[in-house]
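Asks: Got a structure for you, questions after.
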Amino acid sequence: MAKYSTLSDQELTVLLREGDRDAFQQIYRKYWQDLYNTAYQRSRDRALSQDIVQNVFTDLWIRKNVAHIQTLAGYLHQAIRFQVLKQASRKPLNSILLDSFEEIISSSIRTDDPLLEKEIVNIIGLWIGALPEKRRKIFILHYQEELSTNEIARRLGISQKTVQNQLSIISKEFQIRIAHFFSLSLLLAILLK
Amino acid sequence: MDISGTYRYKRGLMYDNKSELLKIVKKYLQGKASPEEKLFLEAYYDFFDSAEKIIDQLLADELELLESAMEQEIFNRIELADQKKTLTLWPTLLKISAAASILIALSVGGHLLLHQQQPTETLVKNDIEPGHNQATLILANGKKIILTRGLNGLLARQGKTQIHVHQNNIIYDAKNKTGDQISYNTLSTAKGEQSPYPLILTDGTKVWLNAESSITFPTAFNQKERIVKITGEALFEVAHDPKQPFKVEAANQTIEDIGTQFDVNAYIDEPATKTTLIEGSVKVNNIIIKPGQQTDGSHIKTVNTEIVTAWKEGNFHFEGDDIQTVMRQLTRWYNIDVTYQGQITHEVFYADISRNRNISAVLKLLEKTNGVQFKIEGRRVAVIP
């Protein structure tokens, strides 16, 4: 084992492909804590995190000959992400990852923590960018161009009721957030499409 | 206009942010997410990188334990995967052996094979409900009082001690220590029961009782030592008093409190009586253990106390337990009989699930670990490899 701990990730990957169990063990020992943390941060569930880490390493072994491993860390983190999201989608009712969303996007504006604030703004921007086109347009016309619901309905050729629904289905807190986002003029290229 | 209706409508949709996120997650997993959705989801996922790290909270030996437990499980799994692979290299051989095993199975009893394919719907159809909050209090004169949720007020008197239920506790209240003859009461639970309230003894010590358990205690602590006896499993929060030591007598163990919260698991069908210290300090058969440690009276090991006390929080928490350990816990809570068909699996199980769920929910979770299936017939559960 001693000699394995001095090997680089690249060397370990080569040995792993050859079916070297000691190399596999070394990879596990090097990365499990990092991966366990990652899973726990998104689930706050120790048993689940343990399961996720075990799945990732078992899969790594099974797929060692077919996996495209550019860097070990990158590959493992991608695998963890996939597992974390899979578990969240399987049990959406008690998923910290899913439940925190409303809280994050509706959180009050954090001028005391500019770094965190920047991250939240970034997520809101990307979220708006990922919205279905019609809804995104309504948001832009309402919050950016400050058009009335009547005017938005006319421009998009949809009913005023639809526009009102789209705007009112989000919480007050989130509305403040969105207005703030647009006031920052952080118009990402995505939004202008 | 129906305002409440509108409000409900709005509220219902407000929470839609979550289900829209879930939609994106599902698309992402299927490789169908748009570039914008991917960008968003990955940024959102990364947002959690700043959340607190669990590793920092674990003690060095906890880390070591976790590392080796997972390592072992992973190596077990890859061993199995490698075996399966070797088999597929020999398709003809496999077919022959499969045919042979069908023949053997049919001649031994065809039902064995058929049941291996039992769909989980049957588990649901024959479902067994969880245990409930009930316990029996036996007074000194043998009179029994059934305790359920929702009681309030004075239950009985034992000498100068009053027993009441107040704010979700069964309280033994002794006006003064002297005078009374010693009399004993017993609080017990049957299979499928757990105490609806914690018991508070006259000294203020708090006791929670798991299924199929009992505690016998004096109605007032008038002796030099405070001694109680238990069977099954109980969790103690002892009101520490160095002048009047508190002792728990359980199968093969005497636990002496040095100020503290601890769990005693003394089920006779378990391999050993185990005392786990959550807080403070206890002496078990003269061995002093520290918080986070467990002893059978001769050895000490470090455990995750959250798992040990999961029952008190209304959960089953299995972490690398073998099937028999798992089934013993289910037996007590679901009041079932367990039979094993064929070879007993060596697989270990990981599950964290509410005890309020029907048994099918628990069994389905266990079935996810390959190598075990279940069949329910009445109150009998068969474990099938």
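Asks: Every residue in segment A:121-139 that is in contact (Cβ under 8 Å) with a residue 24 or more places away in the chain and more than 8 Å from chain B (Cβ to nearest Cβ), please.
Replies: Result: A:Val121, A:Ile124, A:Gly125, A:Ile128, A:Lys134, A:Arg135, A:Arg136, A:Ile138, A:Phe139.
Asks: Identify, by number, the condition in (1) surrounded by fewer than 18 Cβ atoms within 10 Å (Cβ to Cβ); (2) not in a helix (DSSP H, G or I) that A:Lys86 doesn't meet.
Replies: The failed condition is (2).
Asks: Any residue in segment A:89-111 that is farther than 24 Å from A:His180 by Cα sitting within a Cβ distance under 9 Å of a residue that is among the acidic types (Asp, Glu) and in a loop (DSSP other than H, G, I, E, B)? List the pairs, counting only those 6 or more apart or interchain.
Replies: A:Asn94/A:Asp45; A:Ile96/A:Asp45
Asks: Strands (runs of 3 or more DSSP E) wholly in segment B:150-255 with at least 2 residues that are modelled with pLDDT of 90 or more - which ones?
Replies: Counting at least 2 such residues, we get B:184-188, B:206-209, B:214-218, B:226-238, B:246-250.
Asks: Which members of segment B:36-58 meet the condition of being open to solvent by 50 Å² or more (accessible area, probe 1.4 Å), modelled with pLDDT under 90 and either closer than 20 Å to A:Ser100 by Cα or basic (Lys, Arg) (or both)?
Replies: Result: B:Ser50, B:Glu52, B:Lys53.
Asks: Here is a follow-up. Only one of these is at pLDDT 85 or above and closer than 22 Å to B:Ser34 by Cα: A:Gly129, A:Gly157. Name it.
Replies: Answer to the check: A:Gly129.
Asks: Right, next: Looking only at segment A:1-35, count every residue that is farther than 22 Å from A:Val66 by Cβ, aliphatic (A, V, I, L, M) and in a helix (DSSP H, G or I) and tell me the total.
Replies: Count: 1.
Asks: Quick one: which of A:Ser49, A:Ser100 is in contact with a Phe, Trp or Tyr (Cβ under 6 Å, 6 or more places away or on another chain), assigned to a helix (DSSP H, G or I), within 20 Å of B:Gln57 (Cβ to Cβ) and among the hydroxyl-bearing types (Ser, Thr, Tyr)?
Replies: Just a single option satisfies the conditions, and that option is A:Ser49.
Asks: Just the residues that are aromatic (Phe, Trp, Tyr), within 11 Å of another protein chain (Cβ to nearest Cβ) and within 13 Å of A:Leu60 (Cα to Cα), please, taken from segment A:17-39.
Replies: Answer for segment A:17-39, where residues must be aromatic (Phe, Trp, Tyr), within 11 Å of another protein chain (Cβ to nearest Cβ) and within 13 Å of A:Leu60 (Cα to Cα): A:Phe24, A:Tyr28, A:Trp32.
Asks: What strands (runs of 3 or more DSSP E) lie completely within segment B:301-377 and have 1 or more residues being at negative phi, touching a strand residue (DSSP E or B) at 6+ places or on another chain (Cβ under 7 Å) and of a type in the set (Lys, Arg)?
Replies: Fully inside segment B:301-377 and qualifying: B:373-377.
Asks: Count, please, the residues in segment B:226-255 that happen to be open to solvent by 50 Å² or more (accessible area, probe 1.4 Å) and not aliphatic (A, V, I, L, M).
Replies: 9
Asks: When you scan segment B:20-35, how many residues do you find that are surrounded by 20 or more Cβ atoms within 10 Å (Cβ to Cβ) and out of contact with any Lys or Arg (no Cβ under 8 Å at 6 or more places or on another chain)?
Replies: 3
Asks: While we're here: Kindly provide the set of residues from segment A:40-79 that are touching a residue at least 24 places away in the same chain (Cβ under 8 Å), open to solvent by less than 10 Å² (accessible area, probe 1.4 Å) and facing chain B (nearest Cβ under 10 Å), ordered by number.
Replies: Answer for segment A:40-79, where residues must be touching a residue at least 24 places away in the same chain (Cβ under 8 Å), open to solvent by less than 10 Å² (accessible area, probe 1.4 Å) and facing chain B (nearest Cβ under 10 Å): A:Arg42, A:Val53, A:Val56, A:Phe57, A:Leu60, A:Trp61.
Asks: Give just the number: which of (1) open to solvent by less than 60 Å² (accessible area, probe 1.4 Å); (2) not in a loop (DSSP other than H, G, I, E, B) does B:Ala272 not satisfy?
Replies: (2)
Asks: Please go through segment B:292-308 and give me each residue that is within 14 Å of chain A (Cβ to nearest Cβ), of a type outside the set (A, V, I, L, M) and surrounded by 19 or more Cβ atoms within 10 Å (Cβ to Cβ), ordered by number.
Replies: Once the filter is applied, which keeps residues that are within 14 Å of chain A (Cβ to nearest Cβ), of a type outside the set (A, V, I, L, M) and surrounded by 19 or more Cβ atoms within 10 Å (Cβ to Cβ), segment B:292-308 yields B:Asn304, B:Thr305.
The values are calculated or read from the model by the stated rules, or taken from the named source; none is laboratory data. This structure is a prediction, so every number in the text was calculated from the model and none was measured. Backbone-built Cβ (ideal geometry, glycine too); neighbour counts: all protein chains shown. Heavy atoms of the whole protein, side chains included, go into the accessibility calculation; ligands, DNA and RNA do not. Shrake-Rupley method; radii C 1.70, N 1.55, O 1.52, S 1.80 Å.
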